[in-house]
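The values are calculated or read from the model by the stated rules, or taken from the named source; none is laboratory data. All values derive from a computational prediction rather than experimental measurement. Cβ placement follows ideal geometry from the backbone for every residue including glycine, while neighbour counts extend to all protein chains displayed. Note: accessible area is taken over every heavy atom of the protein model, side chains too, but ligands, DNA and RNA are not part of it. Shrake-Rupley method; radii C 1.70, N 1.55, O 1.52, S 1.80 Å.
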Amino acid sequence: MRVAVASDHGGFPLKTRIIEELGKLGHETVDLGTDSTDPVDYPDYSRAVAEAVIDGRAERAILLCGSGAGACVAANKFKGVRAATCHDPFSAHQSVEDDDVNVMCLGARVVGPELAVELVRRYMGASFSGLERHKRRLGKIAEFEKEFGR
Ligand code: RB5
């Protein structure tokens with residue numbers, strides 16, 4: 001799978017480890033920055049991964065900031081993005097299986113590298129169940145985007 005990865009300065013310390021793990025799992029990565037711990041604005045990196053997912057350069061994304069919160073809030077403003085902050089293994093796979101999450105957000109100041117790698121494995125190993133009840137719920141979210149995405 002092609003996976004876009006981006007971080008702000010808070011998430012940067014984990015980014016290389018995440019990219020390395022994706023490679024080990026056989027995935028192709030698109031690194032959209034940032035490239036140091038110099039302060040940047042996380043919405044710019046949320047935008048970069050959101051656009052990559054929306055225009056098809058990536059099928060999924062992993063987005064890092066310090067807490068996993070701000071970058072996730074920003075990513076969810078883009079139509080077609082379903083981003084979730086996942087700091088436990090259950091959420092990392094269940095959010096894909098039930099909610100068809102396509103951007104997993106991580107807080108590099110919250111999770112250490114070993115847990116982060118485990119979260120990446122669970123996220124990448126999961127696929128959307130396609131169950132009717134989940135499609136119905138996602139359909140309602142898509143309606144919100146139409147109704148309020150003006
Ligand atoms: C940056 O200091 C920090 O605010 C950012 O990485 C993130 O945690 C925001 O939610």
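What to note about this one:
- Under 5 Å from the amide H of L106 lie the amide H atoms of L63, L64, C65, each residue being 5 or more positions distant or on a separate chain, with H modelled from the backbone and absent for Pro and chain starts.
- In the full protein context, the chain carries 50 Å² of accessible surface per residue, based on a 1.4 Å probe and ignoring ligands, DNA and RNA.
- Zone of K79's modelled label, taken as backbone nitrogen in segment 52-73 under 14 Å from a point 7 Å along Cα→Cβ: 54-55
- Long-range HN-HN contacts of T29 with modeled amide H, under 5 Å: V3
- Long pairs among K77/K140; K77/K146; K24/K79; K79/K135; K15/K135, criterion Cα-Cα beyond 23 Å: K24/K79; K15/K135
- Using the Karplus relation 6.51 cos²θ - 1.76 cosθ + 1.60 with θ = phi - 60°, the per-residue 3J(HN,Hα) values for segment 61-74 come to 9, 10, 10, 10, 9, x, 9, x, 8, x, 4, 6, 4, 5 Hz, with x marking Gly and Pro.
- For q = 0.09, 0.11, 0.14, 0.21 Å⁻¹, Debye-computed log10 I/I(0) when each Cα of the chain counts as one equal scatterer: -0.24, -0.36, -0.60, -1.33
- Farthest toward positive dipole pole in segment 1-119 [+1 Lys/Arg, -1 Asp/Glu at C-beta], among C65, N76, V3: N76
- Shape category assigned to segment 57-112 from the gyration tensor of Cα positions, a/c cut at 1.5: oblate
- Portion, in percent, of the accessible area of segment 18-150 that falls on carbon or sulfur, probe 1.4 Å: 51 percent
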